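A.B. asks: This is the structure, below, for whatever I ask next.
Each reported figure results from applying straightforward, stated rules to the coordinates on display, with no laboratory input. Fair warning: this is a prediction, and the values are worked out from it, not measured in the lab. Cβ atoms come from the backbone with ideal geometry, glycine included; neighbour counts cover every protein chain shown.
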Amino acid sequence: MSACAGERRVNGTVPLLSLRGVEKSFGSNRVLRGVDVDVFPGEVVALGGENGSGKSTTARILAGVLAPDGGNVVMDQLPRRLHNPGEARALGIRYVGQEPALVPSMSIRDNLSLSSTGWLRAPDRSADISRALAEVEWLGDLHRRVSTLSAAEQAQLEIAKALLDRPRLLVLDEVTTRMPDPARLLDLIRRLANEGVAAILITHRFREIKSLADRAIVLRDGQIVGELSASAITDARLSEMMAGRRISALERTPSHRREKVILELDALKVSSTRPPVSLRVNAGEVVGIGGLMGSGRTSLLEPVAGARKPSQGHIAVEGTPLRPGIGAAHKAGIRLVPEDRNRQGLLTGQSIRANIRLNAYRAFQRPRTREDRSVAAEIIRTMRIKAIDSRAAVKTLSGGNAQKVVFGREAAHDPRIFLLDEPTRGVDAATRVDIYALIRERAGRGAAVLLVSSDMQELITLCDRVIVLFDGAVAGELSDSQITEEQLILLAAGSETATAAATPAVEQPTSTTERHRS
């Protein structure tokens with residue numbers, strides 16, 4: 001079914017952009033199969049579909065990153081051949097992808113000053129830089145290196161860079177999953193649309209599609225399977241079109257919490273500038289960590305995962321003090337699904353099999369090819385990873401399928417403590433259901449789960465308790481029916497009007513280490 005309607009006109013205009021019969025294959029994997037799309041000036045079009053449906057490939061063709069194998073890209077009613085990103089930018093197309101596209105070793109200001117050819121622009125762009133940063137509400141130091149920024153901060157800067165020269169078409173691929181406050185980005189897109197800027201929004205968050213899109217176009221297996229007007233967009237209709245089947249609702253399930261304490265953090269400080277945090281996680285318990293960007297959510301996981309030595313305090317696993325280091329954490333049964341899968345979790349140039357079997361061998365140990373193939377095949381099957389086979393390079397996968405590789409690899413170790421940092425970022429509704437089921441299954445087997453998420457509904461759905469951080473400190477703790485969007489927002493903002501039922505601070509346990517010292 002075509003998403004466009006030939007001579008269709010909106011508000012008396014012709015399409016700004018049209019795709020006509022666009023085809024794309026990677027080897028024998030046919031990713032796009034005759035895609036037709038129209039986008040009009042000032043229109044926000046949501047592009048939906050499961051991971052591997054062809055959304056990101058479509059976006060990258062528009063960005064000039066990939067060339068189509070067949071069909072045409074039409075801009076201003078003229079066929080265009082976008083050989084590189086520079087040609088797309090010359091037409092007013094600005095693309096922000098799922099992963100950071102900044103130079104880590106350079107400062108924020110220099111990144112924003114880079115031209116499309118890689119040269120630093122003249123200093124007279126300062127006014128444009130200030131304006132673009134103001135639009136994304138950036139308040140940070142422009143002289144910081146990009147390598148020191150979080151994924152959320154990098155996403156802010158990439159949006160600002162896209163706005164330096166007023167775009168005609170914004171193509172945003174799962175950007176809201178990396179933004180500190182997605183609602184503000186949606187407001188910005190809405191303002192730009194009112195000024196005539198068109199936008200293609202790729203997101204798995206149905207709420208964003210319903211609140212912003214003029215139309216939703218759904219891809220499945222590289223083909224357009226339907227289009228919904230704004231008034232016809234519902235969660236049920238979107239999920240059914242994307243998956244080709246009904247997807248059960250995401251509902252809370254009974255807790256698996258047991259009395260046995262698995263993980264203890266005692267007055268833990270991740271840096272000298274952060275206040276100490278103490279908490280306990282019991283066997284079978286899912287504890288969420290909420291808060292806004294910069295509140296210290298991710299940095300709280302790092303010392304538990306062995307990636308960072310705390311400046312103060314102690315960590316204990318089932319009463320035994322945890323030594324620093326990733327090796328010690330793995331030995332204690334701790335596994336981490338990191339926030340930034342490409343930088344921290346994957347070797348993107350290597351195969352799925354190599355990534356799944358990462359760290360499976362000691363130095364100079366002979367590979368067990370048959371076992372490697374069997375383990376990789378099982379994870380591909382259980383995680384429903386869309387790939388030709390386990391020899392496919394991770395860089396050929398969609399973002400969501402790459403995330404499944406990381407999640408499947410770490411879950412396969414049957415962790416006693418499962419650390420999850422934005423585990424469903426960039427995944428579709430069906431995959432989200434699968435990952436939630438796996439998290440619950442691990443908790444049911446007695447694992448302690450510590451979940452960092454910027455998705456409030458995810459915290460509400462999965463967690464027995466949610467600890468909310470504000471400026472590095474515990475603002476409060478919510479449990480069971482207390483876990484609501486309103487209370488999460490109030491605590492994350494440091495509001496004093498949060499419910500009195502919310503514990504103002506997490507219980508400060510006397511750690512096993514401290515008991516031994518005394």
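A.B. asks: Starting at the first residue of the stretch 335-342, write each ³J(HN,Hα) from the Karplus equation 6.51 cos²θ - 1.76 cosθ + 1.60 with θ = phi - 60°, in whole Hz, x for Gly and Pro.
C.D. replies: 9, 10, 9, x, 5, 9, 5, 6
A.B. asks: While we're looking at this one, here's another question. Given H placed 1.01 Å from N in the peptide plane, which residues other than close sequence neighbours of Gly476 have an amide H under 5 Å from its amide H?
C.D. replies: Residues meeting the amide H criterion: Val468.
A.B. asks: Calculate how many DSSP beta bridges within the chain are antiparallel, expressed in % of all such bridges and rounded to the nearest 5.
C.D. replies: Values: 45 of 79 bridges.
Just about 55 percent of them are antiparallel.
A.B. asks: Show me, for the stretch 93-107, the HN-Hα J-couplings you get by feeding each phi into the Karplus relation (A = 6.51, B = -1.76, C = 1.60, θ = phi - 60°), rounded to Hz, glycine and proline as x.
C.D. replies: 8, 10, 10, 10, x, 6, 10, x, 10, 10, 8, x, 7, 9, 6
A.B. asks: Okay, next question. List residues of the stretch 37-75, by number, whose backbone nitrogen lies under 19 Å from a label position 7 Å along Cα→C-beta of Asn29.
C.D. replies: 49-62, 65-70
A.B. asks: Could you tell me which residue out of Gly64, Val197, Met293 lies farthest along the dipole of the chain toward its positive end? Charges go on the beta carbon: Lys and Arg +1, Asp and Glu -1, centred on the Cα centre.
C.D. replies: Gly64
A.B. asks: Also: Any chance you could run the full-extension gain for Arg445 through Asp235? It's 0.36 nm times the residue separation minus the Cα-Cα distance, nm to one decimal.
C.D. replies: Length gained between Arg445 and Asp235: 72.5 nm.
A.B. asks: Also, quick follow-up: Can you sort Lys331, Lys309, Lys210, Lys161 by how many other beta carbons sit within 10 Å, fewest first? List each step's numbers first, then the result.
C.D. replies: On the way: Lys331 13, Lys309 10, Lys210 16, Lys161 21.
Sorted ascending by nearby Cβ count, the order is Lys309, Lys331, Lys210, Lys161.
A.B. asks: Please list, in chain and number order, the residues 5+ apart from Lys386 or on another chain whose amide H is under 5 Å from its amide H, with Hs placed from the backbone.
C.D. replies: none
A.B. asks: Compute the separation of the alpha-carbon centres of the stretch 82-113 and the stretch 373-393 and state it in Å as a whole number.
C.D. replies: One Cα centre to the other: 32 Å.
A.B. asks: Whole-Hz ³J(HN,Hα) for each residue in the stretch 383-388, computed from phi via Karplus 6.51 cos²θ - 1.76 cosθ + 1.60 with θ = phi - 60°, x for glycine and proline: what do you get?
C.D. replies: So the J values, rounded to whole Hz, are 8, 6, 6, 7, 7, 4.
A.B. asks: Rank by packing, highest mean first: peptides 424-434, 386-396, with packing defined as the count of other Cβ atoms within 10 Å averaged across residues.
C.D. replies: Working: 424-434: 22.0, 386-396: 17.1.
Those peptides, ordered most packed to least, come out 424-434, 386-396.
A.B. asks: Also: Quick one: if you stick a label point 7 Å off each Cα along the C-beta vector at Asn194 and Leu114, how many nm between them?
C.D. replies: 3.3
A.B. asks: For the stretch 265-328 and the stretch 431-457, write down the distance between their C-alpha centroids in whole Å.
C.D. replies: Rounded to whole Å, the Cα centres lie 19 Å apart.
A.B. asks: Of Ala90, Val171, Ser239, which is farthest along the charge dipole of the stretch 17-243 in the positive direction, counting Lys and Arg as +1 and Asp and Glu as -1 at C-beta?
C.D. replies: Sorting the options by dipole projection puts first Ala90.
A.B. asks: Taking neighbour Cβ counts within 10 Å as the exposure measure, how do Ser351, Ser481 sort from fewest upward? Kindly include the intermediate steps, with their values, before the conclusion.
C.D. replies: On the way: Ser351 19, Ser481 8.
Going from least to most buried by this count: Ser481, Ser351.
A.B. asks: Right, something else. Counting other beta carbons within 10 Å of each Cβ, put Val337, Val65 in order, fewest first.
C.D. replies: Values: Val337 28, Val65 17.
If I rank by nearby Cβ atoms, fewest first, I get Val65, Val337.
A.B. asks: Would you tally the net charge around Val270, using a Cβ to Cβ cut-off of less than 12 Å, leaving Val270 out, and scoring K and R as +1, D and E as -1?
C.D. replies: On the way: positive: Lys269, Arg274, Arg297, Arg308, Lys309; negative: Glu302.
Residues close to Val270 contribute a combined charge of +4.
A.B. asks: Same structure, new question: Relative to the Cα centre, what is the charge dipole magnitude of the stretch 116-242, using +1 at the beta carbon of each Lys and Arg, -1 at the beta carbon of each Asp and Glu, and rounding to the nearest 20 debye?
C.D. replies: Values: 18 positive and 19 negative charges, 25 e Å.
Dipole of the stretch 116-242, to the nearest 20 debye: 120 debye.
A.B. asks: Sticking with this structure for a sec: Within straight cross-link reach of Lys161, meaning Cα distance under 24 Å, which lysines are found once same-chain residues fewer than 8 apart are removed?
C.D. replies: Lys55
A.B. asks: What pairs in Lys24/Lys386; Lys210/Lys404; Lys24/Lys395 have C-alpha atoms more than 18 Å from each other? Display every interim value, and only then the final one.
C.D. replies: Numbers: Lys24/Lys386 16 Å; Lys210/Lys404 26 Å; Lys24/Lys395 16 Å.
Too far apart for the 18 Å limit: Lys210/Lys404.
A.B. asks: Place a +1 charge on the Cβ of each Lys and Arg in the stretch 17-243 and a -1 charge on the Cβ of each Asp and Glu, then give the dipole magnitude about the Cα centre in debye, rounded to the nearest 20. Write down the numbers at each step before the final one.
C.D. replies: On the way: 29 positive and 29 negative charges, 54 e Å.
Using only the charged Cβ atoms, the result is roughly 260 debye.
A.B. asks: What are the residues whose amide H is under 5 Å from the amide H of Gly313, where those residues sit 5 or more places off or on another chain and H is modelled from the backbone?
C.D. replies: Amide H to amide H, under 5 Å and 5 or more residues apart or across chains, Gly313 pairs with Lys269.
A.B. asks: Using the Cα centre of the chain as the reference point, and only Cβ charges (+1 on K/R, -1 on D/E), how large is the resulting charge dipole? Debye, rounded to the nearest 20. Each step should come with its number before you reach the end.
C.D. replies: Values: 71 positive and 61 negative charges, 379 e Å.
About 1820 debye.
A.B. asks: Kindly state, to the nearest 0.05, the FRET efficiency for Asn359 paired with Ala127, given R0 = 41 Å and r defined as their beta-carbon distance. Each step should come with its number before you reach the end.
C.D. replies: Details: r = 49 Å, r/R0 = 1.20.
The pair Asn359/Ala127 has a calculated efficiency of 0.25.
A.B. asks: Share of antiparallel DSSP beta bridges in the stretch 17-243, in percent to the nearest 5? Write down the numbers at each step before the final one.
C.D. replies: On the way: 24 of 41 bridges.
If we restrict to bridges inside the stretch 17-243, about 60 percent are antiparallel.
A.B. asks: Now a separate question. Projected onto the charge dipole of the stretch 17-243 (+1 at Lys/Arg Cβ, -1 at Asp/Glu Cβ, origin at the Cα centre), which of Gly226, Ala213, Asn111 gives the Cα projection farthest towards the positive end?
C.D. replies: Final value for the positive-end residue is Asn111.
A.B. asks: Do you know the relative contact order of the chain, to the nearest whole percent, from alpha carbon pairs under 8 angstrom that are 6+ apart? Please report the intermediate quantities before stating the final value.
C.D. replies: Values: 1055 pairs, mean separation 79.9, N = 518.
That works out to 15 percent.
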